[in-house]
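Working notes for the structure below.
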Amino acid sequence: MSEANVELARRGYALWAAGDLDGTLELSTSDFEFVPAIAAAVEGGSVKGPDAVRRFFAELEETWEIFRIEMDEFQEVGDRVIATGRLTAKGRGSELELDHPMYSVVWFREGKLARMQSFLDRDAAEATAREHAGREVT
């Protein structure tokens, strides 16, 4: 695997952190899938395609006064990348505050971001990256 996927993941997350969701989606496949750690654990689902991703993040803005994921470390694991950073958030009405380590496994297809799955636990992220190594995202 080349450094290209690490750089692509880094650029995607940098755009996202800067509030440029459309920029992140431009780096993504048309069927890009996002699996958020908390929502997936509670509801067991994912968000697939640019329109669904935009709706998901619009709903986050309604719920959270602050919702920030900043990734600062990127590591190759086979043909995947694990991104490591922090989730910080503050609830709009509840003022609930979160500050937690965040991990994400990034899949690639045809030089684009194909899937991102977030985790609150590094071991789970690493296990998922290894388990799916070599399997193409469809």
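No value in this document is a laboratory result; all are computed from the given coordinates. Because the structure is a prediction, the values reported are computed rather than measured. Virtual Cβ from ideal backbone geometry, glycine too; neighbours counted across all protein chains shown.
For residue 14 and residue 131, what is the calculated FRET efficiency with R₀ set at 25 Å and r taken between the beta-carbons, to the nearest 0.05? Let's see the in-between values first.
Numbers: r = 27 Å, r/R0 = 1.09.
Calculated transfer efficiency: 0.35.
Sort 59-68, 80-89, 97-106 for me by packing, meaning the mean count of neighbouring Cβ atoms within 10 Å per residue, highest on top.
Details: 59-68: 13.0, 80-89: 19.9, 97-106: 18.2.
Ranked from most to least packed, the peptides come out as 80-89, 97-106, 59-68.
Evaluate 2.2 N^0.38 Å with N set to the residue count of segment 50-138, then give the Cα radius of gyration divided by it.
After normalising by residue count via 2.2 N^0.38 Å, the value is 1.20.
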